[in-house]
Amino acid sequence: MTTDHQDVFEPPAEIVDRARVKDWRAVEARAAADPQAYWADQASELEWSKPWDKVLDDSAAPFYKWFTGARTNIVTNAVDRHLSSATRNKLALIWVGEDTSKVRTFSYFSLNREVEQMANILLSMGVGKGDVVTIYLPRIPEIFFAMLACAKIGAVHSVIFAGYSADALSTRIDDSESKLVITADGSWVNGKVFPLKKIVDDAVRYSPSVENVVVVRNTGTEVTMDTVRDHWYHELARLPIAKGHCPTVQLDAEDPLFILYTSGSTGKPKAILHTHGGYQVGTYTTLKDSFDMKPEDRWWCTADPGWITGHSYLVYGPLLNGATAFMFEGNPTYPYPDIWWQLVEHYGITSFYTAPTAIRTLMRFGDAWVTKHDLSTLRLLGSVGEPINPEAWRWFHRVVGGGRCPIIDTWWQTETGMFQITTVPSMPQKPGSAGRPVFGQQAAILDEAGHEVPVGTEGFLVLKNPWPAMMRTLFKDPDRYRQAYWEKYPGVYLTGDSARIDEDGYIWVIGRTDDVIKVSGHRLGTAEVESALVSHPAVVEAAAIGLPHEVKGNAIHCSVILANGVQPSRELEEDLRNHVAETLSPIAKPDSFDFPEKLPKTRSGKIMRRILRARALGQDEGDLSTLENS
Ligand code: WTA
């Protein structure tokens with residue numbers, strides 16, 4: 001992709017007229033001149049029970065602190081403050097089940113009742129400030145209640161995507177020392193039940209810290225309930241203890257809100273820690289500006305709450321803005337590939353935020369599935385998770401957006417908590433470029449030695465300014481936090497991505513530079529896939545790499561050294577695929593395999609993935625001088 005011959009989409013006049021940020025150049029310049037003043041302005045639109053002493057405390061950088069001395073709670077701003085205005089009667093959440101005849105709606109008033117009930121139950125089980133609660137729930141309203149209930153009482157939620165296996169769940173429960181798990185009997189996946197409770201039973205067998213498991217009835221599947229440990233949520237909800245007002249605990253702005261495990265370069269997932277004060281300011285502001293949040297909007301973010309996108313822009317961001325969030329339990333192609341468009345039409349969605357992989361999947365079914373629906377309510381479209389190729393961008397724009405809707409591409413990470421590179425609707429858009437650093441941020445593209453590269457040259461993407469919703473540390477691992485993100489180039493944040501910048505200051509993200517692979521927008525570590533593979537008796541050693549894939553963005557390819565006497569076969573490949581699904585997650589299933597005699601390694605024993613990639617793609621293997629010659 002060169003920076004010449006780019007398409008530039010100027011936003012339509014009616015979009016600019018309606019936009020909160022009309023003169024984006026002025027806002028950008030003002031925020032650049034004094035980022036802290038910019039963030040203080042944004043923060044003052046929210047409620048704080050005690051104001052901050054300092055906007056940014058960088059005295060112990062890279063352990064930055066925001067709004068120090070302030071007291072607040074994200075639930076005060078996401079729920080409570082809406083109860084004293086007409087917003088209390090507004091829909092906070094519209095939920096539609098995979099069986100679309102199942103619909104549940106919650107006004108801000110009734111959402112608050114649900115959150116209070118869940119919070120009362122957590123308190124009655126002895127959960128208190130700072131305790132970590134593991135949430136392993138599908139896309140059902142109770143995941144909102146559970147996250148908000150934890151936040152309300154100062155507990156720290158750790159949401160695990162409800163597609164991870166028992167091993168992965170157990171590792172994360174142990175690492176966080178959770179005493180309580182909130183789950184459901186099962187979840188609906190394309191008409192079949194995925195047995196969540198059974199997976200929790202298996203996980204908890206190896207996780208002795210867990211004292212209680214709260215089970216939401218969702219699929220009505222039969223499950224085994226331990227008489228001491230397991231409790232049906234609907235039964236707890238009938239107890240007197242669940243009733244009544246539950247105050248929102250006022251916390252220090254820097255008190256932890258959640259941890260979220262994500263993949264890094266080693267097999268051990270990283271627990272990213274976010275806090276109440278800065279995170280609420282960052283997610284509130286970025287959603288408001290980039291998606292031009294207005295009271296009349298109906299916002300649909302298709303992400304699962306198990307990922308950061310679901311945390312920031314399905315649960316917290318919309319509620320902080322007093323918007324109506326829409327959540328769908330199902331998948332985009334079940335029962336037919338027009339289910340999303342049917343829902344957009346029926347519920348009058350105005351802003352629709354999804355991932356390139358879903359767009360590419362739906363694109364392949366043809367335009368008719370889209371165009372038979374009236375999508376005229378749509379005003380803005382959004383994309384996240386991986387670079388969006390211009391072809392998918394144009395299809396999304398033309399067919400879904402009817403050529404009217406700007407596409408807000410948003411580049412960010414679990415670590416950043418909020419958008420970092422994107423556009424606001426009044427800015428021109430370039431298909432394939434995420435846009436510009438958010439207001440108050442500066443990005444740069446560096447070479448290995450830390451010098452800024454010329455326009456159009458690929459290099460390491462870094463962020464220069466701290467921002468309110470940045471992770472504060474890696475939970476229980478501050479050294480790894482410092483070393484992974486702040487050591488390569490002191491003073492700037494290393495994103496792990498490579499990118500180019502063009503002459504207009506637009507950033508073109510290319511992909512990861514580390515051992516993280518984005519597969520269908522899901523973030524996976526090669527080391528996690530490898531350790532799942534080597535736990536199979538037929539496998540001695542394995543190396544996983546990402547290869548370009550038309551729909552998924554990247555597909556996982558594995559080079560596997562087999563145990564003595566084991567012969568490669570289709571059955572074996574299928575067996576290995578299922579083994580990865582069972583020990584890690586179905587989202588991590590390898591696409592393809594090869595079975596070499598040995599893996600290419602450097603003399604110090606590091607696997608040379610570059611060579612594996614070249615071999616798998618049938619390309620020249622390049623410089624082999626560092627290859628061990630044994
Ligand atoms: C990639 C997801 C290009 C990137 C919010 C990043 C993107 C990683 C984009 C973080 C985008 C995310 N364009 N690449 N708009 N958004 N990425 O933690 O490689 O699941 O580093 O957060 O996704 O993945 P994570």
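Restricting segment 359-386 to residues that are under 15 Å from the mean Cα position of the chain (by Cα) and touching a residue at least 40 places away in the same chain (Cβ under 8 Å), which is nearest to K430 (Cα to Cα)? Walk me through it before giving the result.
As a first pass, look at segment 359-386 and keep what is under 15 Å from the mean Cα position of the chain (by Cα): 382-386.
In the following step, the residues that additionally are touching a residue at least 40 places away in the same chain (Cβ under 8 Å) were identified as 382, 384-386.
Numbers: G382: 13, V384: 15, G385: 17, E386: 15 Å.
In this case the residue turns out to be G382.
Would you confirm whether any residue within segment 334-342 is among the acidic types (D, E) and closer than 22 Å to A368 by Cβ? Working first, answer last.
As a first pass, look at segment 334-342 and keep what is among the acidic types (D, E): 338.
Keeping just the survivors that are closer than 22 Å to A368 by Cβ gives 338.
Yes - at least one qualifying residue is present in segment 334-342.
Is it the case, given these coordinates, that A532 is part of a strand (DSSP E or B), open to solvent by less than 20 Å² (accessible area, probe 1.4 Å), more than 12 Å from the ligand (Cβ to nearest atom) and over 21 Å from A355 (Cβ atoms)?
Working: part of a strand (DSSP E or B): no; open to solvent by less than 20 Å² (accessible area, probe 1.4 Å): yes; more than 12 Å from the ligand (Cβ to nearest atom): yes; over 21 Å from A355 (Cβ atoms): yes.
Here the answer is no, as A532 does not meet what is asked.
Picking from T183, T171, which residue would you name as being part of a strand (DSSP E or B), within 21 Å of the chain's Cα centre (by Cα) and among the polar types (S, T, N, Q)? Break it down stepwise before answering.
Numbers: T171 fails: part of a strand (DSSP E or B).
On inspection, the qualifying residue turns out to be T183.
Going by the structure shown, is Y313 within 27 Å of N554 (Cβ to Cβ), open to solvent by less than 10 Å² (accessible area, probe 1.4 Å) and either within 15 Å of the chain's Cα centre (by Cα) or in contact (Cβ under 8 Å) with a residue 60 or more places away in the chain (or both)?
Numbers: within 27 Å of N554 (Cβ to Cβ): yes; open to solvent by less than 10 Å² (accessible area, probe 1.4 Å): yes; either within 15 Å of the chain's Cα centre (by Cα) or in contact (Cβ under 8 Å) with a residue 60 or more places away in the chain (or both): yes.
When the stated conditions are applied, Y313 passes them.
Which condition breaks for Y279 when tested against (1) over 20 Å from A155 (Cβ atoms); (2) within 15 Å of the chain's Cα centre (by Cα)?
All conditions are met except number (1).
Give the number of residues within segment 199-248 that are at pLDDT below 95 and aromatic (F, W, Y).
Residues flagged as at pLDDT below 95 and aromatic (F, W, Y) within segment 199-248 amount to 1.
Have a look at T309, T248, T285 and point out the one that is within 13 Å of the ligand (Cβ to nearest atom) and either within 23 Å of I182 (Cα to Cα) or in a helix (DSSP H, G or I) (or both).
Working: T248 fails: within 13 Å of the ligand (Cβ to nearest atom); T285 fails: within 13 Å of the ligand (Cβ to nearest atom).
After applying the criteria, what remains is T309.
Return the pairs, sorted by first residue and then second, in which the second residue is surrounded by fewer than 20 Cβ atoms within 10 Å (Cβ to Cβ) and in a helix (DSSP H, G or I), the first residue lies in segment 35-58 and is outside the structural domain of M471 (by the TED database), the beta carbons are less than 6 Å apart, and the residues are 6+ apart or on different chains.
Close Cβ pairs (under 6 Å, with a partner that is surrounded by fewer than 20 Cβ atoms within 10 Å (Cβ to Cβ) and in a helix (DSSP H, G or I)) amount to E47/R81; V55/Q36; V55/A40; L56/Q36.
Does A499 count as touching a Cys at 6+ places or on another chain (Cβ under 6 Å) and assigned to a strand (DSSP E or B)?
Numbers: touching a Cys at 6+ places or on another chain (Cβ under 6 Å): no; assigned to a strand (DSSP E or B): yes.
No.
Scan segment 288-306 for residues that are more than 16 Å from the ligand (Cβ to nearest atom), in a loop (DSSP other than H, G, I, E, B) and either among the small types (G, A, S) or open to solvent by 10 Å² or more (accessible area, probe 1.4 Å) (or both) and jot them down.
K294, P295, E296
Considering only residues that are more than 12 Å from the ligand (Cβ to nearest atom), more than 22 Å from R500 (Cβ to Cβ), of a type in the set (A, V, I, L, M) and open to solvent by less than 10 Å² (accessible area, probe 1.4 Å), which ones fall in segment 396-444?
Correct list: V400 only.
Touching a strand residue (DSSP E or B) at 6+ places or on another chain (Cβ under 7 Å) and surrounded by fewer than 21 Cβ atoms within 10 Å (Cβ to Cβ), is that true of T183? Even if it seems obvious, please write down each step before you answer.
Details: touching a strand residue (DSSP E or B) at 6+ places or on another chain (Cβ under 7 Å): yes; surrounded by fewer than 21 Cβ atoms within 10 Å (Cβ to Cβ): no.
Answer is no for this residue.
Among the numbered conditions (1) closer than 25 Å to W188 by Cα; (2) open to solvent by less than 10 Å² (accessible area, probe 1.4 Å), tell me where F67 comes up short.
(1)
If a residue has to be open to solvent by 20 Å² or more (accessible area, probe 1.4 Å) and polar (S, T, N, Q) to count, how many in segment 474-525 make the cut?
3
Quick check, is T283 surrounded by fewer than 24 Cβ atoms within 10 Å (Cβ to Cβ) and among the polar types (S, T, N, Q)? Spell out how you get there, then give the answer.
On the way: surrounded by fewer than 24 Cβ atoms within 10 Å (Cβ to Cβ): no; among the polar types (S, T, N, Q): yes.
Answer is no for this residue.
If you check L463 against the conditions, is it within 13 Å of the ligand (Cβ to nearest atom) and either touching a residue at least 24 places away in the same chain (Cβ under 8 Å) or open to solvent by 40 Å² or more (accessible area, probe 1.4 Å) (or both)?
Details: within 13 Å of the ligand (Cβ to nearest atom): yes; either touching a residue at least 24 places away in the same chain (Cβ under 8 Å) or open to solvent by 40 Å² or more (accessible area, probe 1.4 Å) (or both): yes.
Criteria met by L463.
Tally time: how many residues in segment 581-630 are in contact (Cβ under 8 Å) with a residue 40 or more places away in the chain and closer than 30 Å to G306 by Cα?
12
Out of segment 445-460, which residues are more than 13 Å from the ligand (Cβ to nearest atom) and either part of a strand (DSSP E or B) or open to solvent by less than 10 Å² (accessible area, probe 1.4 Å) (or both)?
Kept after step one, since they are more than 13 Å from the ligand (Cβ to nearest atom), are these residues of segment 445-460: 445-459.
If the condition is that a residue be more than 13 Å from the ligand (Cβ to nearest atom) and either part of a strand (DSSP E or B) or open to solvent by less than 10 Å² (accessible area, probe 1.4 Å) (or both), then I445, L446, E452, G459 are the ones that fit.
Give the residues of segment 312-341 that are β-branched (V, I, T) and within 16 Å of the ligand (Cβ to nearest atom), sorted by residue number.
First, the residues of segment 312-341 that are β-branched (V, I, T): 315, 324, 333, 339.
Correct list: V315 only.
Do we find a residue being open to solvent by 20 Å² or more (accessible area, probe 1.4 Å), over 27 Å from H311 (Cβ atoms), more than 12 Å from the ligand (Cβ to nearest atom) and of a type in the set (S, T, Y) anywhere in segment 364-371?
Initial filter on segment 364-371 (open to solvent by 20 Å² or more (accessible area, probe 1.4 Å)): 364-369, 371.
Those left that are additionally over 27 Å from H311 (Cβ atoms): 364-369, 371.
With more than 12 Å from the ligand (Cβ to nearest atom) added as a condition, the list becomes 364-369, 371.
Now drop any that are not of a type in the set (S, T, Y), which leaves 371.
Scanning segment 364-371 turns up at least one residue that is open to solvent by 20 Å² or more (accessible area, probe 1.4 Å), over 27 Å from H311 (Cβ atoms), more than 12 Å from the ligand (Cβ to nearest atom) and of a type in the set (S, T, Y).
Residues of segment 229-245 being loosely packed, with under 15 Cβ neighbours inside 10 Å and in a helix (DSSP H, G or I), which ones?
H234, E235, P240, I241 - these are the residues of segment 229-245 that are loosely packed, with under 15 Cβ neighbours inside 10 Å and in a helix (DSSP H, G or I).
The values are calculated or read from the model by the stated rules, or taken from the named source; none is laboratory data. The structure displayed is predicted, hence computed values, not measured ones. Using ideal geometry, Cβ is built from the backbone for each residue, glycine included, and neighbour counts are taken over all protein chains shown. All accessible areas refer to the heavy atoms of the entire protein, side chains included, with ligands and DNA or RNA removed. Shrake-Rupley method; radii C 1.70, N 1.55, O 1.52, S 1.80 Å.
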